[in-house]
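The values are calculated or read from the model by the stated rules, or taken from the named source; none is laboratory data. Here the structure is a predicted model, which is why all the values come from computation and not from measurement. Reconstructed Cβ throughout: ideal geometry from the backbone, glycine too, with neighbour counts over all protein chains shown. Heavy atoms of the whole protein, side chains included, go into the accessibility calculation; ligands, DNA and RNA do not. Shrake-Rupley method; radii C 1.70, N 1.55, O 1.52, S 1.80 Å.
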Amino acid sequence: MENLLEALPETLLMGPGPSSVHPSTLRAMAAPEIGHLDPRFLRIMDQTLDLLRQVFQTQNQLTLPLSGTGSAGMEAAVVNFVRPGDRVVVGLNGYFGQRLAEMARRQGAEVVGVETEWGRPVETADLRKALAGGPTRLVALVHAETSTGVLQPLEEAADAAHRAGAMLLADAVTSLGGVPVAVDARGVDIAYAGTQKCLSCPPGLAPLTCNDRARQAVEDRAGDPPSWYLDLKLVARYWGEERFYHHTAPINMIYALNQALRLVVEEGLEARFERHRQVARGLWAGLEAMELRLVVPEDQRTPSLTTVWIPEGIDDAAVRRRLLAVHGIEIGGALGPWKGRAWRIGTMGESARPQNVYRFLAALGECLGRFGHPVGVREALAAAREAMAALEG
Ligand SMILES: *Cc1c(COP(=O)(O)O)cnc(C)c1O
């Protein structure tokens, strides 16, 4: 039988996730298998929790990686904190906000959507208006909306939520490890993330953190949450002192997360955030020098994901196919209303490097030229270089 794995080429992942993984993180996955209650594994678990708290910028005791991708983190947040009949205010300015709303709806919540045009952050004034409509359990916002490339400010939303007696839930899937999430400083009550975006670890785990207030809400909940697998009380007993068996930790994924987090902390959070900012600026400058139009106004963009309009007459899928087949680079198409009209370019974690920006700009220029839309590649590279100059040191 054909070995499909052997034939895999190195691919530069500059789409909406997964991002490229550091070789040391991939190697970590191949470390010897040991038992999930082996004392050596327990030490790895503890160290991983410690690293996770650093990266979330939190002292929260209840911080752990759930088994499952980012969506498992989203579902865990919803099933544990939203009870049937609870009023939940959800920011609807992109695809992942809609997914949050859908999960809350399935839990029997009264979902109050706060709509904003795609490509713009949710306004605090609109959140306040929605909160004034009745006692609210939770305000749910997507910090970095991967469908649009918008970065949602969180401080004012946290303040508005708290004044109304609600908790703030933040989806940090496309921000954790690339953009400051600053859970404690911003007063975020609950946040979850994924491993495959700015942490540059393969998909498979969903780090989640919640503060004492949220933890108390879990403790005080009358009745069990409808999910056994994602029940935070049970999962926390497994990750806590008790080591009470719940489900077997995905051991090799934890190895990978441990190593990926170590890389984040060794680089330094501030240095890593700055690298993401500079690389994004380089990408933006390069795209603009090609006379392409970026979707989101600069002060509202997340550095981890850039959306750009596709030039008139250019076939979205044909360009992405060629980028992958000829240049070995993956980028993403757009979702929902922007399907076929915009590209999504991720600069997350290991992918957020100047050399990748140069490689991508040159490749995109080649593809656009090939399909009858010549652009100034030389100008794009020069503009990117200037914008990223500080990174060259
Ligand atoms: C990718 C993503 C998710 C879902 O993560 P999966 O790993 O695909 O399950 C949720 N929210 C946001 C903002 C994302 O970018």
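Surface composition of the range 57-158: carbon and sulfur atoms hold 46% of the protein heavy-atom accessible area at a 1.4 Å probe.
Mean residue ellipticity, 222 nm, helices only, the chain: the sum of -39500 (n - 2.57) across DSSP H runs of n ≥ 4, divided by residue count and rounded to 500, is -13000 deg cm²/dmol.
The residues of the chain expose on average 42 square angstrom of accessible surface per residue, using a 1.4 Å probe on protein heavy atoms.
Between R43 and W228, the contour length at 0.36 nm per residue exceeds the alpha carbon distance by 64.0 nm.
Shown are I44, I251, whose ranking by accessible area with a 1.4 Å probe and every protein chain present, most to least, is I44, I251. The region of the chain that goes longest without hitting one of the GluC sites (Glu not before Pro) in a DSSP loop, each with at most 11 other Cβ atoms within 10 Å, is 118-240.
Per-peptide packing, taken as the mean over residues of other Cβ atoms within 10 Å, places 199-208, 275-284, 80-89, 336-345 in the sequence 199-208, 275-284, 80-89, 336-345 from highest down. Accessible surface comparison of F244, F96, probe 1.4 Å, protein chains only, largest first: the order is F244, F96.
At a Förster distance of 22 Å, what's the computed FRET efficiency of A125 paired with R341, Cβ-Cβ distance as r, to 0.05? The pair A125/R341 has a calculated efficiency of 0.15. Largest accessible area first, the residues D231, D220 order themselves as D220, D231 under a 1.4 Å probe with ligands, DNA and RNA left out.
Averaging the Cα positions of each part gives two centres, and for the range 106-144 and the range 177-246 these lie 21 Å apart. A simple charge model with +1 on the Cβ of Lys and Arg, -1 on the Cβ of Asp and Glu and nothing else charged puts the dipole of the range 273-393 at about 280 debye relative to its Cα centre. If you take the square roots of the eigenvalues of the alpha-carbon gyration tensor of the range 301-349 and sort them as a ≥ b ≥ c, do you get rounded (a/c under 1.5), prolate (a/b over b/c) or oblate? Cα axes put the range 301-349 in the oblate bin. A simple spin-label model places the labels of D299 and D220 3.9 nm from each other, with each point 7 Å out along Cα-to-Cβ. Summary of the geometry: the range 302-335 and the range 337-385, compared by the centres of their Cα atoms, lie 8 Å apart. Mind running the shape call on the range 210-249? Use the C-alpha gyration tensor, a ≥ b ≥ c as the square roots of the eigenvalues: rounded below 1.5 for a/c, prolate if a/b tops b/c, oblate otherwise. Verdict is oblate for the range 210-249. Do you know the relative contact order of the chain, to the nearest whole percent, from alpha carbon pairs under 8 angstrom that are 6+ apart? This gives 22 percent for the chain.
Using a probe of 1.4 Å on the protein chains alone, the accessible area found for R385 is around 130 Å².
Expressed to the nearest 5 percent, the antiparallel share of DSSP beta bridges inside the chain is 50 percent. Surface composition of the range 254-393: carbon and sulfur atoms hold 48% of the protein heavy-atom accessible area at a 1.4 Å probe.
Other residues lying with their Cβ under 15 Å from the Cβ of T48 contribute a combined charge of +1, Lys and Arg counting +1, Asp and Glu -1. Using only the Cα atoms of the chain, build the gyration tensor, take square roots of its eigenvalues as a ≥ b ≥ c, and label the shape rounded, prolate or oblate: rounded if a/c is under 1.5, else prolate if a/b is larger than b/c, else oblate. Oblate shape, in that a/c is at least 1.5 and b/c is the bigger or equal ratio. Dipole magnitude for the chain: computed about the Cα centre from +1 point charges on Lys and Arg Cβ and -1 point charges on Asp and Glu Cβ, it is near 240 debye.
When the range 31-265 is described by a simple charge dipole with +1 on each Lys and Arg Cβ and -1 on each Asp and Glu Cβ, the residue from P65, A172, G133 located farthest towards its positive end is P65.
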